[in-house]
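The values are calculated or read from the model by the stated rules, or taken from the named source; none is laboratory data. In this text the structure is predicted, and so the values were computed from the model without any measurement. Here the Cβ positions follow ideal geometry from the backbone for every residue, glycine too, while neighbour counts run over all protein chains shown.
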Amino acid sequence: MRISTNHYQQISLNALLEQQAKLSHVQQQIASGRRILSPSDDPAGAARALELAKAIDTIERYGRNADYAESRLRLEGSVIAQVEDSVLRIRDLTVQANNATVTAEDRQKIGAEVRERLQQIIQFANTTDGGGEYLFAGFKSRTEPFMQVGDTVSYRGDQSARMVQVGPNRQLATTHSGFDVFVKIPTGDGRYMAGADGANNGTGVTSAVQVTDASAAASASVPYEIVFSENAGQLSYDVTDAAGNTVVSNEAFESGDTIAVSGLSITIDGEPAVGDRFTIAESGYQSLFKTVDKLVDALERATDTAAGRAEFLNIGNRTLTDLDQALNHLLERRAELGGRLNALDSEREANEAAVLELKKAKSGIEDLNYAQAVTELKQRLVGLKAAQQSYAKVQGLSLFNYL
């Protein structure tokens with residue numbers, strides 16, 4: 001076999017370059033703190049590390065979603081708290097106006113403040129978040145949810161709740177819809193409500209409906225209508241049910257009497273006039289804006305006649321009940337927000353624990369064992385030095401030195 005001088009030179013140079021490359025690789029590992037610098041270093045480990053990195057990024061994105069959801073939930077809670085303050089003030093004004101000694105002029109002055117409070121509540125209902133989206137519009141976040149035309153406030157959003165993914169298997173509503181917060185509010189006591197006809201001419205004022213027999217009330221044929229008439233010089237009343245059947249006929253009446261039918265009863269104070277009508281009906285739903293608007297209307301058209309005072313007292317009593325329902329309703333929404341915030345904290349803790357475990361697993365795959373790397377570095381330095389010394393001796397060899 002013939003081995004040329006050039007062949008010797010090339011073999012020595014390749015060995016030297018190989019040792020330099022291995023030393024450089026170890027130096028890069030130590031400098032970066034990573035065992036895997038390229039997929040070729042450990043194909044299986046690199047693939048697993050990539051999967052773990054994706055999982056970590058996904059869970060960290062859930063964390064950013066949780067921050068966004070928390071911001072909106074806290075903003076809604078703050079807005080609802082301000083609405084509650086306004087409703088409480090309106091309730092205080094209603095109690096003040098519901099005093100029989102208050103004059104019509106005073107009620108009209110109270111009505112001016114209540115109207116301002118109504119405008120304030122509408123502004124709260126149209127609150128936007130930091131991104132310019134309406135908080136209570138549902139999915140129609142770029143549409144102003146509540147529009148006032150005359151004395152009517154209409155809802156233009158939808159009834160959807162915006163959901164955010166805050167965990168691998170958990171979605172959370174970031175806000176309530178405006179319909180849920182401001183529109184769908186129970187009236188009366190949540191089951192039944194008493195009413196007085198707006199055309200009544202007497203001074204009869206009704207109380208709230210009382211349930212005296214729950215089993216009988218369950219089969220009550222509401223609504224019941226109570227109509228006053230005169231029978232042999234005595235004020236009396238008839239009660240008819242939803243089908244128009246007379247269930248009480250020509251019953252004598254005196255101020256303060258309790259009228260009972262099918263496990264339900266109301267008390268009427270004052271002196272109703274012949275033809276005056278009162279009702280006992282199932283509770284329904286009414287927006288907060290409608291409740292306050294009815295109060296404003298009654299305050300602004302209040303009169304000092306006996307019938308006018310009685311009419312306002314009936315409306316005032318009904319409004320107080322409806323405002324109490326509204327306050328309970330708003331409190332329930334705030335309680336739901338508190339529950340969602342607690343759930344958010346729990347989910348955030350679970351996500352943080354998952355990220356920690358995933359990062360540990362990823363670190364175990366791609367992080368460098370420094371003790372092992374330093375040992376290898378020393379070995380590579382020895383190998384490089386040997387290659388350099390060998391190359392220095394080999395490069396001087398030539399056949400011509402011996403001819």
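I'd like to check something: does the stretch 217-239 contain any residue that is in a helix (DSSP H, G or I) and either crowded, with 19+ Cβ neighbours inside 10 Å or of a type outside the set (S, T, Y) (or both)? Yes: one or more hits. For the stretch 174-195, state whether one or more residues are surrounded by 17 or more Cβ atoms within 10 Å (Cβ to Cβ), more than 27 Å from K140 (Cβ to Cβ) and among the aliphatic types (A, V, I, L, M). Yes: one or more hits.
What are the residues in the stretch 252-277 that are part of a strand (DSSP E or B), surrounded by 15 or more Cβ atoms within 10 Å (Cβ to Cβ) and either of a type outside the set (A, V, I, L, M, F, W, C) or in contact with a Gly (Cβ under 8 Å, 6 or more places away or on another chain) (or both), if any? If the condition is that a residue be part of a strand (DSSP E or B), surrounded by 15 or more Cβ atoms within 10 Å (Cβ to Cβ) and either of a type outside the set (A, V, I, L, M, F, W, C) or in contact with a Gly (Cβ under 8 Å, 6 or more places away or on another chain) (or both), then S265, T267, I268, D269, R277 are the ones that fit.
Within the stretch 240-250, the only residue that satisfies the criterion of being outside any loop (DSSP other than H, G, I, E, B), surrounded by 15 or more Cβ atoms within 10 Å (Cβ to Cβ) and of a type outside the set (A, V, I, L, M, F, W, C) is T240.
Of all the numbered requirements in (1) modelled with pLDDT of 95 or more; (2) touching a Gly at 6+ places or on another chain (Cβ under 7 Å), T321 misses one, and that requirement is (1). Going by the conditions given, is F182 more than 30 Å from Y62 (Cβ to Cβ) and under 38 Å from the mean Cα position of the chain (by Cα)? Yes: the conditions hold for F182. Would you pick out the residues in the stretch 314-335 that are crowded, with 18+ Cβ neighbours inside 10 Å, in contact with a Ser or Thr (Cβ under 9 Å, 6 or more places away or on another chain) and among the aliphatic types (A, V, I, L, M)? Passing the criteria: L323, A326.
Selection within the stretch 77-111: residues that are in contact (Cβ under 8 Å) with a residue 12 or more places away in the chain, of a type in the set (G, A, S) and part of a helix (DSSP H, G or I). The member of this set that is farthest from N328 (Cα to Cα) is A104. Taken over the stretch 138-162, the criterion of being within 30 Å of E352 (Cβ to Cβ) and touching a helix residue (DSSP H, G or I) at 6+ places or on another chain (Cβ under 9 Å) is satisfied by A161, R162. The residues in the stretch 336-378 that are over 42 Å from the mean Cα position of the chain (by Cα), surrounded by fewer than 12 Cβ atoms within 10 Å (Cβ to Cβ) and either at pLDDT 90 or above or part of a loop (DSSP other than H, G, I, E, B) (or both) can be counted, and the count is 1.
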